[in-house]
Amino acid sequence: MRQEEAIQLSLEYINEIVLFFATNGSISYANASAKKLLEYGDHLLGSNIGDVFPGVFTVGESVEEQAKPLLGQFRELDAYRGNRTCFKVEVSFSCFDEDLYVCIATDTTEGSYLQRKIDQVQQEATEAAKVKTEFVANITHELRTPVNGILGNILELKDIEEDPKKQRVLALVERGCADMNAIINNILDFSKLESGKFTIEKREFDFREMVRYVESNHRPKLSAKGLEFTISIAPDIPQKVIGDELRIVQVLNNLLSNAAKFTSVGRVSVEVVKTSRIADRIELFFLVIDTGIGISKENQDKLFQSFSQVDASISRRFGGTGLGLNICKQLVELMDGSIHVESDEGKGSMFSFHIWVDLPESECNQAGEATALGTYATPPYEMSLQDHMKDSGMEAMRTYGTDENFTEIERNLNKLILSVEMENWEKAESFANVLRELTENAPKEMKNQALRMKMAVQKEDYDKTAMAVDSMRELLTR
Ligand code: ADP
């Protein structure tokens, strides 16, 4: 008995509308929610189920036939209030015995309202993102015109200007325009990638020629910094492949620019190997390795996010938008690949990425003989940065007192003195920085000399610089 009472009480106070009605449609029980939501007051008892759900029941007709298709399932219906306004409910009907039907209905007004709100907010967010992307695309497009205008005029001026001082200023403005163009292009690519408007354009190209072109972009700067630069391409990579040459160049250019930016001693190398072949597609694996400042473990995860630069002070010194690696990641993914980094702070970084390219018909047969369908050649993943450092003798070069270290110090002292004699103090300062790195774990006397030399270079003091160079050489021979 107590249990029945408890069930009755629960029915009375649940949030759902509960109505009992007879075969003639007359309502014999309505719980508190029904009375409140249907706003019949005390008249609900004795009213007809057809008054509440006129869409499915007709007053005066037997409920039996009309209820049959509704039994045991949930339906969305309009429930009518006493004042003939209506609201949406999710409703189920059941039949208990011949003359007792039960209706349980949930008011979905709030739910549908919330859903409508969510849809509206989602639509607004999509539109805002679209407007932002279009705005960024328009602005960058508009910026490009005046920058190219300035660049054109500068080139004309450079042709007619004879004064070397003015030529130097013009060269600076030209460099500024080129940097600005690079930033504009990055933002344009980024906004296109974000809006999904970016497409990969495949066509046949000469793979080795493409790598040579990338090499020619970077060799002058790397050589000017005194860095060794090597490129190796596995012989089983075919001459011609089909892919988006421009975008592969873009990824390599970005990785190599970073390598050049963040490396002051040692070497930068690029390696390309073929790791897999499935039917007429091959997987190419690229490694870009440097012996630069490296990236801490915690910062490596952030690297491929947009606008992420590891260290604000480093970025101020080197510039950049923090978009480059994110663009690389998205481009590589569009070419069915992925990009990774392995790095040791203070020792160097190894960026690796793989992409898939198609084989032209002319290469299909030859390349097919080399690798069986779908088999994987040994991937170079196992080659760690540490191995590379050992291979290239970098560790020895950075360890004060080794033959390699002394040779490198001597080399940089020579280059520094040459720069000073040519009054190129900027370049001399970069060699002074390298010398400080090479003497990082030297005895105090040597470290102090390297610091004194850097200060003398910064003050553009020829005598003090020459003295510091002599002192360092003397310490080396001791
Ligand atoms: P940016 O256009 O600013 O160079 P990137 O996305 O290319 O942007 O690089 C983001 C940051 O990652 C750089 O600012 C730098 O801090 C770090 N980074 C990238 N490549 C290297 C590298 N080879 N060595 C050390 N740090 C690097």
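The values are calculated or read from the model by the stated rules, or taken from the named source; none is laboratory data. Because the structure is predicted, anything quoted here is derived from the model rather than measured. No Cβ is skipped: glycine too gets one built from the backbone with ideal geometry, and neighbour counts run over all protein chains shown. Note: areas computed on protein heavy atoms with side chains; ligands, DNA, RNA excluded. Shrake-Rupley method; radii C 1.70, N 1.55, O 1.52, S 1.80 Å.
Here is how the numbers come out for the structure above:
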quantity	calculated
The chain: relative contact order in percent, alpha carbon pairs under 8 Å with at least 6 residues between	8 percent
Bridge type composition, the stretch 3-107 - antiparallel percent by DSSP, nearest 5	95 percent
Helix 444-458 vs. the chain, principal-axis angle (Cα, 0 to 90°, nearest 10)	90 degrees
Computed over the stretch 123-194, Kirkwood Rh from alpha-carbon pairs, angstrom	13.9 Å
The stretch 123-194, relative contact order in percent, only Cα pairs under 8 angstrom and at least six apart counted	50 percent
Percent of Cα-Cα distances greater than 19 Å, calculated over the stretch 399-477	23 percent
Charge context of G324, other residues only, Cβ under 14 angstrom, K/R +1, D/E -1	+2
Neighbourhood charge, 11 Å Cβ-Cβ cut-off, centred on T133 and excluding it, Lys, Arg +1 and Asp, Glu -1	+1
The chain - convex hull of alpha carbons, volume per residue in Å³	300 Å³
Nearby lysines by direct alpha-carbon distance to K36 (threshold 23 angstrom, same-chain neighbours under 8 apart not counted)	K88
Cα coordinate range in the stretch 2-127, projected on the principal axes (Å, largest first)	56, 37, 29
Calculated FRET value between E345 and E228, using beta carbons and R₀ = 22 Å, to 0.05	0.55
Between helix 245-261 and the chain: long-axis angle, C-alpha atoms, 0 to 90°, nearest 10	60 degrees
Charged-residue dipole, Cβ positions (Lys, Arg, Asp, Glu), the chain about Cα centre, Debye nearest 20	1920 debye
Rounded tilt (10° steps) of 361-370 against the dominant C-alpha axis of the chain	80 degrees
Binned Cα-Cα distances of the stretch 161-274, short to long, each 5 Å bin given as a whole percent	2, 9, 15, 17, 17, 17, 12, 6, 3, 2, 0
Greater than 27 Å apart at Cα, pairs in K192/K274; K261/K302; K225/K464; K261/K297	K192/K274
Nearby aspartates and glutamates by direct alpha-carbon distance to K329 (threshold 13 angstrom, same-chain neighbours under 8 apart not counted)	D189, E194, D301
Cα-centred dipole magnitude for the stretch 48-196, charges only on beta-carbon of K, R (+1) and D, E (-1), debye, nearest 20	820 debye
Length added when fully stretched, K132-R452, from 0.36 nm per residue minus Cα-Cα	110.0 nm
Cβ charges +1 (Lys, Arg) and -1 (Asp, Glu), total dipole of the stretch 399-477, debye	220 debye
Net charge over other residues, Cβ less than 14 angstrom from the Cβ of D78 (K, R count +1; D, E count -1)	0
Which of I17, F198, C86, positive extreme of dipole for the chain (C-beta unit charges)	F198
Part-to-part distance (alpha-carbon centres) for the stretch 198-265 and the stretch 58-132, which is given in Å	63 Å
Accessible surface, the chain, averaged per residue in Å² (probe 1.4 Å)	56 Å²
Dipole of the chain, positive end: most advanced residue of F53, M455, A396 [Cβ charges, Cα centre]	M455
All-pairs alpha carbon distance profile, the stretch 169-211, 5 Å steps from 0, percent	5, 18, 12, 13, 17, 19, 11, 5, 0
Extreme residue, positive dipole direction of the stretch 123-194, given options L172, T145, F135 (C-beta unit charges)	L172
